[in-house]
Amino acid sequence: MYAFNYHRPASLADAAKLLGGASDGKFIAGGQTLLPTLKNRLASPSDLVDLTGIAELGGISASGGAVSIGAITKHAAVATSADVKKAIPALAKLAGGIGDPQVRNMGTCGGSVANNDPAADYPAAVVGLNATVHTNKRKIAADAFFTGLFETALEEGEIITKIEFPQPKRAGYEKFRNPASRYAMVGVFVAETANGIRVAVTGAGPCVFRHTEMEAALGKSFSPDALKGIKTDPAKMNSDIHGSGEYRAHLVGVVAKRAVQNALG
Amino acid sequence: MANQGIGQAVRRKEDFRFITGQGHYTDDINRPGQLYAVFLRSPHAFAKIRSINTDAARKMPGVVAVYTGKDVAADKVGGLICGWTVKDKQGNPHKAPRHDIIAIDHVRHVGDQVAVVIARSTSEARDACEAIEVDYDVLAPVTDVRSALKPGAPQVHADAPGNLCYDWEFGDKASTDQAFAKAAHVTKIELVNNRLSPNPMEPRSAIGEYDSGTDSTTVYTTSQNPHVIRLILCAFVLGLPEHKVRVIAPDVGGGFGSKIFNYAEETVCVWAARKLKKPVKWTSDRTEAFLTDAHGRDHVTHAELALDKDGKFLGLRVATMANMGAYLSTFASAVPTYLYALLLAGQYTTPAIYAEVKAVFTNTTPVDAYRGAGRPEATYVVERIVEAAARELKMDPAEIRRRNFVPVDAFPYQTPVACVYDSGQYAKALDEAMKMADYANFAKRKAESARKGNLRGIGICAYIEACGIAPSAVVGSLGAGVGLWESAQIRFNATGSVFVYTGSHSHGQGHETTFAQIVSDKLGVPMENIEVVHGDTALVPMGMGTYGSRSLAVGGSAIIRATEKIIDKGKKIAAHLMEASVDDVAYDKGIFSVKGTDKQVPMAQIAFTAYVPHNYPADLEPGLEASAFYDPANFTFPAGVHIAEVEIDSATGVTTIANWVAVDDFGNVINPMIVEGQVHGGIAQGIGQAMLEGVVYDPKSGQLLTASFNDYCMPRADDLPSYKVGMIETPCPHNPLGVKGCGEAGAIAAPAALMNAITDALGTEDINMPATPQNVWRVIQRQNLAAAAE
């Protein structure tokens, strides 16, 4: 780890100001990706601006057919929240399956979404549920938020404040873990929402994506069998020693069926 | 006390300090004025070093010294040695190219050490490492044995032409050829024994410290065998007088073989500490551990089994290519030869066996002994090919084994590959295991799985291993540079408590408990009054350390010999105190008595009398202590049967272990709880090898692709089943405890049992370890097994 300046502001305005004043600053929330990166000397920010002291970024609320999760809410809090479990049980399940207890008690919802790791779970829920990402500057729709490998629509200095998940009619999440890292090698979030079926796939490709062919098929019949025969293009998948493009493409089909089964309960 | 002796499941004495975080590991030790070493490592698998510029690094804050290969050469530091010389088919010694503690002209694997920075803190040393400029002439590397043996392959060492370390043979070629000529059936198999990273929980660490006042050197190090390290450092690498060097291996958090060896980094700490006259510490980080801890296995094997029409084995032919990595590690040469080919008879009466082994240099991390060392590789060959033969002949895999077992009345049994098996009841273990596994009803369970669209398989492994490798004269004749005896010393205190010094070393095995149980049982001293001391060359008599499941069979036997000497002397003191003849003194569990009378003296009184000898035999030395050195008459041969049953999700290729039965014969058991723990841990490592673990190098760049736990898949609790463990106790006839050793058995048995189950489910032998979900899925696709599930 290289030396850096550490700040822990109490307000969003101060956080933005501190980052703006730094030569190469970074926000940190739970630090579950950034801290290992720093420890391995793979990044050398001049300043770290810790967002976990900003009270307005915390908390979970459910009202008006949506669940709002503050950006610095820990995965463990989402997993155990009575509101989330009642409104969107698949989201609670997803949060409870991230990493291990240590990660779940440090890592945050906003941090995961802002980082957009291709193997992270949250992006699947954000896209699958057609959530809205609220920032200190604007609201961003899920479909416009995740733009590529570790890339998002967030601008320099923009801070996620909360994520608003509309309550679906029903939803299911299933993931196939990488045997070594236990990250999602393929994760599929399926939801029947007010505006139709959404199928979001994480882990398999460089960035979370919607599987429109599956959405159309499930729109006709919301059942695992409806997905039979639907192929996923292996060329668009990630490929590594744990899973080739072909294997991941195959798993997208298997995991999606199981996600639908989960949604059906 | 009655329930703490031999055979009792006594709770481990050492666990209190480990569980409460009070263990003292090398990295917990800090010496006054200590400096920190950080190594600059090669980013290339193979390169010539054109130049190294350390000028900027030397000027960095906190930097005390920067050393490169030039400094090593200038100080005439000896290269790291291989302590076992294998002779090839022509009788020529193996090629052991020079292995410098810091690379001088070439780097030969990713992670090879190029320079060391010694600074006041680790972070300052790291900063300075980044300021060192190295100009490399990058060369094309070779990482696998097949490629390395091809003509025109990159040459890892100029003095090992064709990358060949040795081409070795063992067994009778002519009689084996004859056996194949008359065979009714020949089964052939191609096997890869995947390369593994040892990954002990505690990474390697060392502190070198020099005291110029006494010209003495102390080394704190994560070692399984501190005396062997002292011997190698003094006699071969640094040329120091042995009496001026003390090696301390304190609490060590696992080794699995990887901490047997003398490594460059630890040696650099000692060398630098003597140059700088300051303590120098180095602790490996996890990436360095992946890059530099000696790996295990990495064999490519073709094997053929000749059978008669009834499934009786007539002959076995084995050709293996063994990857040595970039340099020959401390005992690397012995692993694919004497620890491998000598076990190819397995539990069977195969009359003719011939093995050829080519050891090969590649641009990879050196390979050496890893839990089982050669014996898992042998068992894997034998038990995979036996299972394959049964399938080809449409015989029950259990029955084909039963027909070929060495029978109970044949011991001691001479195999065609040098070993004389001590004792065993192989068929009994198989019967017991089949009962525990409900083998008879497997077909029902398979049908049930099929109904769910899943595949199910069952696999047997009847393994044998050789532990407590000895006697010294025999291993010497095979090329070992050391003897393989063990030492013990028992030292009573005046108040009746006891120190037990052992030359073996505990790094998870529980010696502090097991050895105390032996002494408690034999000398009648309560467990809490016994302290087992190990791991310090200044305290413990010369000893050979712990590896190859030798500690109890060899080290425990030395302790028994020492207890016998204590009892003999005790009898003389007791006779004097009870005014009887020594011949009339009887001894039983801590009590000396005069035969036929009610006179008795307890051990504690004998100890007190020995140190306060006011009323004492005139011709007897005071004091009560005894040393013993034990050199076994033979190896011990633990054996057993493991049965694995798996269910495979045909949609994903995920294998779930549905059942695991282990029936082991370790001879007499001192502490069944510790033994069962060893079995569990060994199976976990074997399952890891078969389903999860595997070191992967990029064949083009030679980069290590599995350099972190993100990519190297270690077994986790939820990967493992609850084991059913049974024991058969057939005592070893040639050591005083009747024990055989249990540390490696699980890792030896598990891979073949599991792969036999997986190949049974898949209906093909053609899948390599690790049988990851992806690899299994590919076979399912190839075999069209998923059709039912779709």
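Here the dipole of the protein assembly as shown is about 1620 debye; that uses its Cα centre as origin and unit charges on the Cβ of Lys and Arg (positive) and Asp and Glu (negative). Listed by chain and number, the aspartates and glutamates placed with their C-alpha closer than 17 angstrom to that of A:Lys26 are A:Asp14, A:Asp47, A:Asp50, A:Asp117, A:Glu151, A:Glu155, A:Glu156, A:Glu158; residues fewer than eight positions away on the same chain are left out. In terms of overall dimensions, the C-alpha atoms belonging to the range B:382-435 reach 32, 27, 14 Å along their principal axes, ordered largest to smallest. Select from B:Asn529, B:Gly545, B:Ala562 the residue farthest towards the positive end of the dipole of the range B:519-587; place +1 on Cβ of Lys and Arg, -1 on Cβ of Asp and Glu, and compute about the Cα centre. Towards the positive end, the residue furthest out is B:Gly545.
Dividing the helix sum by the residues of chain B, where each DSSP H run of 4 or more adds -39500 (n - 2.57), gives a mean residue ellipticity at 222 nm of -7500 deg cm²/dmol. The calculated Kirkwood hydrodynamic radius for the protein assembly as shown is 31.7 Å, given to one decimal from all distinct C-alpha pairs.
In this structure, the amide hydrogen of B:Gly694, modeled 1.01 Å from its nitrogen in the peptide plane, lies closer than 5 angstrom to those of B:Ser197, B:Cys713, counting only residues at least 5 positions away or on a different chain. Dipole of chain B computed with +1 at Lys/Arg Cβ and -1 at Asp/Glu Cβ about the Cα centre; of B:Ser258, B:Gly162, B:Val228, farthest Cα towards the positive end is B:Gly162.
Oblate is the label for the range B:1-138, because a/c, from the alpha-carbon gyration tensor with a ≥ b ≥ c as root eigenvalues, is 1.5 or above and a/b does not exceed b/c.
Listed cross-link partners A:Lys39/B:Lys277; B:Lys173/B:Lys358; B:Lys59/B:Lys278; A:Lys17/A:Lys93 are compared with a 25 Å cut-off, the Cα-Cα value being larger for A:Lys39/B:Lys277; A:Lys17/A:Lys93.
Which value does Rg/Rh take for the range A:59-166 over its C-alpha atoms, Rh per Kirkwood? Result for the range A:59-166 is an Rg/Rh of 0.93.
Scanning chain B for DSSP H helices at least 24 Å long along the axis (C-alpha atoms) with a Kyte-Doolittle mean no lower than 0.0 picks out B:557-577, B:745-762. Among residues other than B:Tyr348 with Cβ under 11 Å from its Cβ, the summed charge is +3 (Lys and Arg +1, Asp and Glu -1). In order along the range B:157-167, phi translates into HN-Hα couplings of 10, 4, 9, 10, x, x, 6, 8, 7, 6, 10 Hz, rounded to whole numbers, per the Karplus curve 6.51 cos²θ - 1.76 cosθ + 1.60 with θ = phi - 60° and x for Gly and Pro.
Candidate cross-link partners of B:Lys595 among the aspartates and glutamates, defined by an alpha-carbon separation under 13 Å and a same-chain spacing of 8 or more, comprise B:Glu579, B:Asp583, B:Asp584.
Rounded to whole numbers, the Karplus 3J(HN,Hα) couplings from phi for the range B:654-669 are 6, 9, 10, 7, 7, 7, 9, 10, 10, 10, 10, 10, 9, x, 5, 10 Hz, using 6.51 cos²θ - 1.76 cosθ + 1.60 with θ = phi - 60°, and x at Gly and Pro.
Charge tally for B:Glu432 (other residues, Cβ to Cβ under 15 Å; Lys, Arg +1; Asp, Glu -1): 0. Normalising the average separation of contacting C-alpha pairs (under 8 angstrom, six or more residues apart) by the number of residues puts the relative contact order of the range A:5-49 at 55 percent. With the charge dipole of the protein assembly as shown set up from +1 on Lys and Arg Cβ and -1 on Asp and Glu Cβ about the Cα centre, the Cα lying farthest toward the positive end among the listed residues B:Ser708, B:Gly510, B:Leu343 is that of B:Ser708. Between the C-alpha center of the range A:107-147 and that of the range B:49-124 there is a gap of 49 Å.
Sparsely packed loop sites in the range B:112-156 (the GluC sites (Glu not before Pro) outside DSSP H, G, I, E and B with at most 11 other Cβ atoms within 10 Å) do not occur.
A cut-off under 11 angstrom between Cβ atoms defines the neighbours of B:Phe499, and their net charge, with Lys, Arg +1 and Asp, Glu -1, is -1.
Estimated translational diffusion coefficient (Stokes-Einstein, Kirkwood radius over Cα pairs, 37 °C, 0.692 mPa s) of the range A:75-135: 281 µm² per second. Among the listed pairs B:Lys95/B:Lys740; B:Lys13/B:Lys569; B:Lys522/B:Lys565; B:Lys95/B:Lys244, give every one whose C-alpha distance is greater than 23 Å. Check vs 23 Å cut-off fails for B:Lys95/B:Lys740; B:Lys13/B:Lys569; B:Lys95/B:Lys244.
Shown in residue order for the range B:224-235 are the 3J(HN,Hα) couplings computed by the Karplus curve 6.51 cos²θ - 1.76 cosθ + 1.60 at θ = phi - 60°: 8, 8, x, 5, 5, 4, 4, 4, 5, 4, 6, 7 Hz (x for Gly and Pro). What you get for the range B:66-145, charging only the Cβ of Lys and Arg (+1) and of Asp and Glu (-1), is a dipole of about 560 debye around the Cα centre.
Within a straight-line Cα-Cα reach of under 23 Å, B:Lys444 can be paired with the following lysines, leaving aside sequence neighbours fewer than 8 residues apart in one chain: B:Lys394, B:Lys435, B:Lys452, B:Lys724.
No lab work stands behind these numbers, since they all come straight from the coordinates. What you are looking at is a predicted structure, and each value in this text was computed from that prediction instead of being measured. Glycine also receives a Cβ, built like all others from the backbone with ideal geometry; neighbour counts cover every protein chain displayed.
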